[in-house]
Each structure stands twice: as C-alpha cells, then as structure tokens.
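Engineer: Below: one structure in structure tokens.
The values are calculated or read from the model by the stated rules, or taken from the named source; none is laboratory data. Treat the numbers as computed from the prediction; the structure is a model and nothing was measured. Backbone-built Cβ (ideal geometry, glycine too); neighbour counts: all protein chains shown. Each accessible area value is taken on the protein alone, full model and side chains, heavy atoms only, with ligands, DNA and RNA left out. Shrake-Rupley method; radii C 1.70, N 1.55, O 1.52, S 1.80 Å.
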Amino acid sequence: MGLATLALIFTSACHAGGGVSTAATADSASIRRDIAWLADDAREGRATGSAGFDSAARYVAARFEALGLKPVVPVDSTCRSACALGYQMPYPARPLASRHDAAPPPALRAQNVVAVLRGSDAALANEYVIVGAHLDHLGRSSDFALDPEAKDAIRNGADDNASGVAAVLELARLFARHPARRSIVFTAFSGEELGLLGSAWWADHSPVPLASTRAMVNFDMVGRMHDDRLIVYGVATATELPGIVDSANVAPRLVVSAVGDGFGPSDHSSFYAKNLPVLHLFSDLHPDYHRATDDADKINAAGEARIVAFAERTIRAIADRGAPLTFVRAPAPAPRAGSSREGSSTYLGSIPDMAAGTVPGLRLSGVRAGSPADKGGLKSGDVIVELAGTTVKDLYTYTDALYAHKPGETIAIVVLRDGARVTVRVTLGERGR
Ligand SMILES: [Zn+2]
C-alpha cells in the first residue's frame, strides 16, 4: 500500500449485517504456506524489477497453471492473431517519484502475472470479474519505509502484500473447483509501492475487454485481522454492492466496515478510474506496516481464511448474477488547493505512528536522521496539529497540507509535546535529494 495516499484508512462509513450462505471453506494452511514462501528472506522483499520479485512471479504463475487456469497475455505484444499466450505481462515501470528528475533513471523491467478461469455459462463466459493483489513490496529500500534506521534490511511484506496474493491463490483454487458463470481473471501486480504502476498499465492494456468486465476485487493487507474486523472499500461504486457485501457476511460474522469511495491507496483505483465497480478488502494497519518486522510469523492465517470465504461469496454473487452491476461514479475526494499528491517531491522526513489510533493530529513515531524534520527539532512522540497554518486532523489532512508547499519553503509546524503546544520552524526539503 502506497504511503502517500494511505490516509483514507482513517475514514470508515458504516457497519453491515445479515445474509445467506454457500459453504466455501478456505484452507488456512495453504494460505500460510504461500505467505511463508513469498515473504521468505530468499525473495528479498520482492522489489519491482528485482530477482526476488521475478522468482515470486514465477511461483504465482506456476500455481495458476497447476490450478488449471489459462494464460491470456500474448507473449509477443505485437502479435494480433493466433498468439502464443503466457502468464507474464511485461511492462516498463517508471517510478512516480523520479519522473520529474532532470535525468530520470531508465524504466525498470517489470511484469504483472495474469491467468483466466473460464466461466461455466456460455451466455456469460465472455464477461469478466478481475480478482487481484499486488505482489511487490519494498525489497531492501528504505524509500517509503517507516523504519529508515533499519537501513537496507529486507522488508518481507508478509502482510503487505504476500497476504493479498495468498488470498488470490486460494480464491483461484476455490473457483477452479466450482467455476462461476462469468469468467474470472486472477492477477498479481507489480509496481504498486512505486505508484500503482502495474495496475495502471494493466488497466490501459487489458488482456480482456474492459467493456465486458463487471468488477474488480482487490486484496491489499488481509493477513492481520484482529477482533474479526474487516474494512471493505468501494461499496458505493455500484448500487448493488452494499447488499451483496451484506449477504456474503454470514455467521460467524465478520465486523465489516463498508466504505464508499473507489479511489484509495491501492490497485483498485486503477480500475475505478476506468469506470469499473471495485472493492478493496483490508484488515487494517498495524505497527509492522512498511517495516522490516512485517514477517510471516505474525500472520493470522485462520482470520485470512475467513476473509477469503467471505470474499468467495461476494465474488460469486457478482460473477453469477443475471445482470451486470450498476456502476456509480462517486465523486473523487476533491483535491485540496495546490495538493498534487502524485509525484509531489516535497519532503519533511517525519515518520507517522501507524499504531496511534485516532488521536486528533498526526503522532510521530520518529523522524529520519538529518531530515528537515530532524533539523527543525521535531521528535518522536510529537503530535502535529497544525502545518503552515492548516489544521492537521490525520494523515490525510497532513499529507495535503504538506504537499501544498514546495521544497525550500520555511514553514511553522505546531505540535503537542508533553501536553504543551510547541511551534517549530522547518525548511522543507526535496525527496530523493
Ligand atoms: Zn500494499
């Protein structure tokens, strides 16, 4: 999950209840095995374009093939008929953060993994539902890491997002056993941590007609469920989705928080931008997010199996229903004045405390050594409540307030420190400098 657009997590709309059941039982042991393999140090944190990512991509392709799923991407992208098909979708990845560099680095050689399970109903098999998750993580880079002090440690991303890929693999197994009426495209993306690059390419170069694609269901961080809580984003992107999500939540019920918007900090956004109904399943943040401590031994595999069973019912309802979903273009959250989040290079160097829950403001778990925040005197435990005159309520308002200013500007930041309001002056830096 990209750090810059993470704040949406702080908003949750309503709680859903009631429903019918089909007994899809997900295999928690299989889920745990896939996460352990994908999040093993040998995959070196699966950075896009790395050898570790490539071996993880081959693993996923081999799993798809073993389940009987078919390749769908022409091996030769210029081919127009009778094409040899493969499971890998190669593309050039140009990280957002470096696009504005005077001499941007060459594109990374990257790929998504894609496979299709043909639908059982001749009349509906030419319609599709996409089920996906990002496979990439931070690798050994401390860019976007919340523990820069761990330097080039391997960040295995067991929850972010080996858990999502394991969910996709388990759903592929369940549907291969009992295909839905419509066809389902299962996919693992790369480039998510670099700015949703793989899913954006996928949506622009779709191997199946988007005009006959009925929905996209995304899994990003579903391995650390606690208190049976699951957040489902995107329910307002089609009229029927709240009811479908409600009906899929059978006993023993999950505590589902259904949130409307289809734009958010993960790959479903790339498909919502193509006017597709989307859902994003998320079991919430935890203190290991984007740290070298996000390891497989902390995964709640039994909890994830329940999420997968819930998702199987949701996806089957969408893929089996007679009529397509009714797409709803919920207005994207209005970008605040001057806030161009994508590609902004303004840098402060604060490290948000992801376990701080709902304190008003943004609590810091630390600052990067030598960063503008460090030089300005911000420190661990500070709660930022105002940035350059703008009230900071959460990560969302903080991110917008920060990106409304340019590198080199000196601004006042007000923090709560030991109960007192303290103002510090900081000269903003530029990311990557
Ligand atoms: Zn993620």
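Engineer: Taking each pair of distinct Cα atoms in the chain once, what is the resulting Kirkwood hydrodynamic radius in Å?
Structural biologist: 22.0
Engineer: Right, here's the next one. Once the mean 1/r over all distinct Cα pairs of segment 345-430 is inverted, what Kirkwood radius in angstroms do you read off?
Structural biologist: Hydrodynamic radius (Kirkwood, Cα only) of segment 345-430 equals 12.4 Å.
Engineer: Can you work out the accessible area per residue across segment 345-430, with the rest of the protein chains kept in place, probe 1.4 Å, in square angstrom?
Structural biologist: 43
Engineer: Each label point is 7 Å from the Cα along the Cα-to-Cβ direction; what then is the distance between the points at VAL328 and SER247, in nm?
Structural biologist: A separation of 1.7 nm, rounded to one decimal place.
Engineer: Under 28 Å from the Cα of LYS393, which lysines turn up, not counting those fewer than eight places away in the same chain?
Structural biologist: LYS375, LYS379, LYS406
Engineer: Would you mind checking which residues have amide H under 5 Å from TYR347's amide H? H placed 1.01 Å from N; only 5 or more apart, or other chain.
Structural biologist: GLY429, GLU430, ARG431
Engineer: Using 13 Å as the cut-off for backbone N distance, which residues of segment 293-313 belong to the label zone defined by a point 7 Å from the Cα of ALA150 along Cα→Cβ?
Structural biologist: Flagged as within label range: 293-298.
Engineer: So, one more: Taking the Cα centre of segment 151-246 as the origin and placing charges on Cβ (Lys, Arg +1; Asp, Glu -1), which of GLY157, VAL232, PRO207 is farthest toward the positive end of the dipole?
Structural biologist: PRO207
Engineer: Counting helices only, and only those DSSP H runs with n ≥ 4, report the 222 nm mean residue ellipticity of the chain as the sum of -39,500 (n - 2.57) divided by its residues, in deg cm²/dmol to the nearest 500.
Structural biologist: Mean residue ellipticity, 222 nm, calculated: -6500 deg cm²/dmol.
Engineer: Next up: Order these peptides, 417-427, 205-215, 363-373, by their mean beta-carbon neighbour count within 10 angstrom, highest first.
Structural biologist: 363-373, 205-215, 417-427
Engineer: Considering the chain as a Gaussian network with a 10 Å cut-off on Cα pairs, which listed residue, THR78, THR239, THR391, attains the greatest mean-square fluctuation?
Structural biologist: Of THR78, THR239, THR391, the Gaussian network model singles out THR78 as fluctuating most.
Engineer: Of ALA404, VAL424, TYR347, whose Cα points farthest to the positive end of the dipole of segment 345-430 (charges on the beta-carbon: +1 Lys, Arg; -1 Asp, Glu; origin at the Cα centre)?
Structural biologist: After comparing all options, I get VAL424.
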